[in-house]
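Data block below; observations after.
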Amino acid sequence: MTPRERILIALNRRKPDRVPLEIKMTLGTFEKFKEKTGCTDFRSYFNMDFREVEFNEPHKINDFSGYFSNLPAEAIITEWGIARIPGSMPNYHRKISPLSKITSIKEIEEYPFPDFKANYRHQHLEKEVEGYHQGGLAAVAFMEMTIFERAWRIRGMENFMIDMISNQDIAKVLLDRITEISLFMVRRFAESDVDVIKLGDDIGTQEAMIMHPDMWRRWLKPRLAKVIRVAKRIKPEVLIYYHTDGFIEPVIPDLIEIGVDVLNPVQPECMDPVKLKKKYGSRLSFWGTIGTQTTMPFGMPDEVRGVVKHMIETVGRSGGLLIAPTHVLEPDVPWENILAFVDAVNDYGYY
């Protein structure tokens, strides 16, 4: 069975030869990986069955200087105009939102959103996907932060949550503009013949959703549904993966309804993966399930192995599981636990 076949069979809720896995690392953990292994390609080293494809970076970032004042010299401005001020670790930073002080729709309409339609940003996709397929690998498109996270990062979380109640014209125009960009991106990914499209917006906290489920259904569900429809109209068999951290149980049936095939990361600290498998396993696959708040940093290697075995035997029963830590592995995750995770998948993951 090729890696691509394994991914497609597993995520279509059938039994492959073994459970596929994923590992993601912060820069600090990657440095540890290189030191321990002498290798620079952790995806090949850990036998991951897919590779991600993305739009190319812009040649030039638009001028956002008029949206900020007194930024520190170390601040980085993204192509979406969000200022990032580095924190104590490379993957932590403080965000400053460029549209935090706007009062009119016109200011959104004049905002210099990034241009993803330029040919150089996406003309490589077909060739890159074909190359992965020829090598037997699945091609996975990265398009997380699809709508909601882009909106609140541009507007500011508190501002945008208020907008959805009190400044609804501003919320609508901003969401529609971001959705328009996402529609183009998802179309190009589907045209390039990717196997999985990673969509996502964090809409959950540890114990509840960020917003009432009805607010999500009003503002975000129809726009996400439109993005998924475009992808499936172009390539009906493409698998739609949806990422959100935290507790989101009230809207899982809605996600299935609009075409989500795979739920990620299924944080065991927030939701019970085994319960979700029993309830939705005939309609939904799961990608993740191994806690990065608990098991990976704080468990002993034998505990990691035990949790992996349990998830494979329950959530992975009859297929429908790509097992992974639920977030990037931070430097405080012991190297022995990373090896225990991989070894356990190799030992227990065969059907």
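Please find, in a Gaussian network model of the chain (springs between Cα atoms separated by less than 10 Å), the residue of ARG187, ARG218, ARG229 whose mean-square fluctuation is greatest.
Highest fluctuation of the listed residues: ARG218.
Would you list THR29, THR289 from fewest to most Cβ contacts within 10 Å?
THR29, THR289
Full-extension gain between ALA73 and GLN123, please, as 0.36 nm times their residue separation minus the C-alpha to C-alpha distance. Before the final figure, lay out each step's value.
Values: separation 50, 0.36 × 50 = 18.00 nm, distance 3.44 nm.
The ALA73-GLN123 span can extend by a further 14.6 nm.
When DSSP beta bridges are limited to those with both residues in the chain, what percentage is antiparallel, rounded to the nearest 5?
Beta bridges within the chain, antiparallel portion: roughly 25 percent.
Just from the alpha-carbon atoms, what are the Rg and Dmax of the stretch 96-227 in angstroms?
Over the stretch 96-227's Cα set, Rg and Dmax evaluate to 16.7, 52 Å.
Rank PHE116, SER318, TYR242 by how far each Cα sits towards the positive end of the charge dipole of the chain (+1 on Lys, Arg Cβ; -1 on Asp, Glu Cβ) and give me just the farthest.
Sorting the options by dipole projection puts first SER318.
What's the FRET efficiency of MET215 with SER318 using the Cβ-Cβ distance as r and R₀ = 25 Å, to the nearest 0.05?
My answer for the efficiency is 0.10.
Provide the gained length on full extension for the span HIS310 to LEU27, in nm with one decimal, where the gain is 0.36 nm per separating residue minus the Cα-Cα distance.
98.9 nm
Can you compute the charge dipole magnitude of the stretch 1-89 about its Cα centre, using +1 on each Lys and Arg Cβ and -1 on each Asp and Glu Cβ, nothing else charged? Give it in debye, rounded to the nearest 20.
That gives the stretch 1-89 a dipole magnitude of about 580 debye.
Calculated FRET efficiency, ASP115 and ASP332, Cβ-Cβ r, R0 51 Å, to nearest 0.05?
Here the calculated transfer efficiency is 0.85.
Shape verdict for the stretch 163-268, please, from the Cα gyration tensor: rounded (a/c under 1.5), prolate (a/b greater than b/c) or oblate.
oblate
Using DSSP to define loop residues, name the chymotrypsin sites (Phe, Trp or Tyr not before Pro) in the stretch 1-108 whose beta-carbon has at most 16 other beta-carbon atoms within 10 Å.
Values: sites: PHE30, PHE33, PHE42, TYR45, PHE46, PHE50, PHE55, PHE64, TYR67, PHE68, TRP80, TYR92; in loops: PHE46, PHE55, PHE64, PHE68, TRP80, TYR92.
For chymotrypsin sites (Phe, Trp or Tyr not before Pro) across the stretch 1-108 that sit outside H, G, I, E and B with at most 16 neighbouring Cβ atoms in 10 Å, the list reads PHE68, TYR92.
Filter the trypsin sites (Lys or Arg not before Pro) in the stretch 77-113 to those in DSSP coil with at most 14 other Cβ atoms within 10 Å of their Cβ, and list the result.
When the trypsin sites (Lys or Arg not before Pro) of the stretch 77-113 are filtered for loop state and at most 14 Cβ neighbours within 10 Å, LYS101 remain.
In a Gaussian network model over the chain where Cα atoms closer than 10 Å are linked, find which of GLU149, GLU237, GLU35 has the largest mean-square fluctuation.
Ranking GLU149, GLU237, GLU35 by mean-square fluctuation puts GLU35 first.
A short reminder: the numbers here are calculations on the coordinates, not readings from a lab. Nothing here was measured: the structure is a model prediction, and the numbers come from that model. Virtual Cβ from ideal backbone geometry, glycine too; neighbours counted across all protein chains shown.
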